[in-house]
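Peer 1: This is the structure I have questions about; it appears just below.
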Amino acid sequence: NSLVITDAAISLFDLNSDYEKADVKLKIIGTNKNVIDYLNTSPINKKSFSKLTNIDGDSLINLNLKFPLLLDLPAEDIEYSSNVIIENANFKKIFNDFSIDNFNLNIQIDNEKVSYKGNGKLFDSQVEFSGLQSQSNKKFTDEINGKYILKPYVIDFLFPDSDIKLDGQTEISFLINEGDNGFSKFEGIGDLSNLKIKSDFLGTNLDLKNGK
């Protein structure tokens with residue numbers, strides 16, 4: 001259950017200068033929990049990978065470290081870049097007790113930012129997203145853009161005891177902004193003209209054309 005290094009390469013350069021330098025490239029595999037344990041010991045901002053703690057699956061990491069060969073090397077002097085690939089995983093409790101199944105995520109991490117893209121099944125319907133995390137003046141920002149196919153059985157998942165029935169489907173484009181104090185913006189836009197709602201309480205055959 002530990003991280004396993006499957007490939008490694010170490011290069012030394014600037015050997016005739018005052019500060020020799022090293023370039024370390026590693027390929028690592030392991031469970032996502034092991035990846036989190038490793039990242040907690042790294043100089044990477046912990047907020048950048050906080051959401052990974054809810055992912056159950058295996059990971060592949062391509063890690064590159066560049067640094068001067070100093071006895072007392074400050075962590076901020078390490079130049080790092082990493083590509084983390086997670087496939088066929090489960091993103092637990094993305095919304096209340098609901099999860100994203102068949103979850104795939106590709107993450108690029110460096111000293112300045114974290115970018116990512118992924119996809120999976122939420123309420124058994126396809127969701128795709130991409131995002132960018134960064135930190136400026138000690139302020140953390142995370143912006144996620146994505147698309148979700150809203151299908152009739154989503155209502156059954158969310159409101160299992162409701163008499164509301166949905167006919168048709170539509171693509172929802174969404175935007176989520178998050179900062180140091182949590183979510184600051186959540187919006188979704190979609191064409192509702194192909195949807196109809198049936199409900200004894202709300203009235204039968206409600207037409208959602210033109211936003212109605």
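The values are calculated or read from the model by the stated rules, or taken from the named source; none is laboratory data. Fair warning: this is a prediction, and the values are worked out from it, not measured in the lab. A quick note on method: Cβ atoms are made from the backbone with ideal geometry, for glycine too, and the neighbour counts reach across all protein chains shown. In case anyone asks, the SASA skips ligands and DNA or RNA and just uses the protein heavy atoms, side chains included. Shrake-Rupley method; radii C 1.70, N 1.55, O 1.52, S 1.80 Å.
Peer 1: Where a ≥ b ≥ c are the square roots of the eigenvalues of the C-alpha gyration tensor, would you call segment 1-44 rounded, which needs a/c under 1.5, or, failing that, prolate if a/b is larger than b/c, or oblate?
Peer 2: In terms of gyration-tensor shape, oblate.
Peer 1: Under the classification rounded if a/c is under 1.5, otherwise prolate if a/b is larger than b/c and oblate if not, where does the chain fall, given a ≥ b ≥ c as square roots of the Cα gyration tensor eigenvalues? Show your work: numbers first, answer last.
Peer 2: Numbers: a/c = 3.38, a/b = 2.51, b/c = 1.35.
Here the chain falls in the prolate category.
Peer 1: Let me ask another. Pull up the cross-link candidates among the lysines for K25, meaning alpha carbon to alpha carbon under 16 Å and not fewer than 8 places away within one chain.
Peer 2: Within reach: K66.
Peer 1: What order do you get for 131-144, 181-194 when each peptide is scored by the mean count of other beta carbon atoms within 10 Å, highest first?
Peer 2: Answer by packing, highest mean first, reads 131-144, 181-194.
Peer 1: Separate question: Quickly estimate the mean residue ellipticity at 222 nm for the chain, helices only: each DSSP H run with n ≥ 4 gives -39500 (n - 2.57), and the total goes over all residues, rounded to 500.
Peer 2: Details: 2 runs with 14 residues, N = 212.
Calculated from helices alone, the mean residue ellipticity at 222 nm is -1500 deg cm²/dmol.
Peer 1: Here's another thing I want to ask about it. If you roll a 1.4 Å probe over the chain with all protein chains in place, what percent of the accessible area is carbon or sulfur? Please list the in-between numbers first.
Peer 2: Values: 6800 of 13430 Å².
Roughly 51 percent of what the probe reaches on the chain is carbon or sulfur.
Peer 1: Considering only protein heavy atoms, what per residue accessible area in square angstrom results for the chain with a 1.4 angstrom probe? Write down the numbers at each step before the final one.
Peer 2: Numbers: 13430 Å² over 212 residues.
Heavy-atom accessible area per residue stands at 63 Å².
Peer 1: Apply 1/(1 + (r/R0)^6) to the Cβ-Cβ distance of E143 and I85, taking R0 = 22 Å, and write down the FRET efficiency to the nearest 0.05. Spell out each step's value before the answer.
Peer 2: Numbers: r = 22 Å, r/R0 = 0.99.
With a Förster radius of 22 Å, E is 0.50.
Peer 1: To continue, here is another question. When the C-alpha atoms of segment 63-187 are aligned to their principal axes, what extent does each axis show, in angstrom, from largest down?
Peer 2: 68, 30, 23
Peer 1: Between D180 and D97, what is the label-to-label distance in nm when each label sits 7 Å out along the Cα-to-Cβ direction?
Peer 2: That separation, rounded to one decimal, is 3.6 nm.
Peer 1: Here is a further query. Under a 10 Å cutoff between Cα atoms, tell me which one of P160, P68, P152 has the largest fluctuation in the Gaussian network model of the chain.
Peer 2: Fluctuation is largest for P160.
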